[in-house]
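Following: one structure in structure tokens, then a few remarks.
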Amino acid sequence: MPASSGDPPGALAISEVARLTGLTSATLRVWQRRYGLGASRSSPGGHRRYSPQDVARLRAVQRLVGRGLPTAEAVRVVLRPVEHGLDLPAEAHPVAHLLAAAALDLDGPSCRSQLRDHLETHSVERSWEDVLRPVLDGAEDDPRGLRGGQPPADEPLHGAQARDVLWAVATVAAR
């Protein structure tokens, strides 16, 4: 059942998240209790309400588990703060942070993987607005030599280089 009209926009009930992810409601409850991965909100009546970011985290855990990672480790990876040094908007999608970190490492394969995974479940427009655009804007607006200060002399990493990697990846991912 979708969330009630008194809930914030985009809030989803556990049954709707179960349908979207293919996880059972019981699994969603266990993951929240055991790993702290679950709904970030509750309705006034105490019912779980999942945000789009909550659903993205659940899907990220599913992908990692599907690749052979134990659930507990997959949750740790997904919930771990991603350090990348860009000033992304507070509401930036979790995948944007992963993409920023990969771009700043000039890790094209990881960038492609992040974008392809997002494009599997979102439109090109949503992927652009929620993931790619915030990272490109953050790289362009960062006047420092990224990663929190000036880069070492033997590693000249600048926003322009990260943007070049992202544009190349976006072109490949959109095909």
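Before moving on, here are some points about what is shown:
- Selection from region 23-36 of residues that are under 12 Å from Gln62 (Cα atoms) and free of Cβ contacts under 8 Å to residues at least 40 places away in the same chain: Leu23, Thr27, Leu28
- Scan of region 14-39 for residues that are among the small types (Gly, Ala, Ser), assigned to a loop (DSSP other than H, G, I, E, B) and surrounded by 14 or more Cβ atoms within 10 Å (Cβ to Cβ), ordered by number: Gly38, Ala39
- Total residues in region 59-91, condition without any contact (Cβ under 8 Å) to a residue 24 or more places away in the chain, closer than 15 Å to Tyr35 by Cβ and either β-branched (Val, Ile, Thr) or touching a Pro at 6+ places or on another chain (Cβ under 7 Å) (or both): 2
- Filter result for Val131 (among the β-branched types (Val, Ile, Thr) and either at positive phi or surrounded by 15 or more Cβ atoms within 10 Å (Cβ to Cβ) (or both)): yes
- Looking at Ala96, Ala60, Ala100, just one residue is closer than 19 Å to Ala26 by Cα, assigned to a helix (DSSP H, G or I) and out of contact with any strand residue (DSSP E or B) (no Cβ under 9 Å at 6 or more places or on another chain), and that residue is Ala60.
- The residues of region 45-101 that are within 14 Å of Asp117 (Cα to Cα), under 11 Å from the mean Cα position of the chain (by Cα) and of a type in the set (Gly, Ala, Ser), listed by number, are Ala56, Ala60, Ala96.
- Candidates are the residues of region 61-73 that are surrounded by 12 or more Cβ atoms within 10 Å (Cβ to Cβ) and at pLDDT below 85; the one that is farthest from Glu140 (Cα to Cα) is Leu69.
The values are calculated or read from the model by the stated rules, or taken from the named source; none is laboratory data. Quick caveat, the model's predicted, so the values are computed rather than measured. Glycine also receives a Cβ, built like all others from the backbone with ideal geometry; neighbour counts cover every protein chain displayed.
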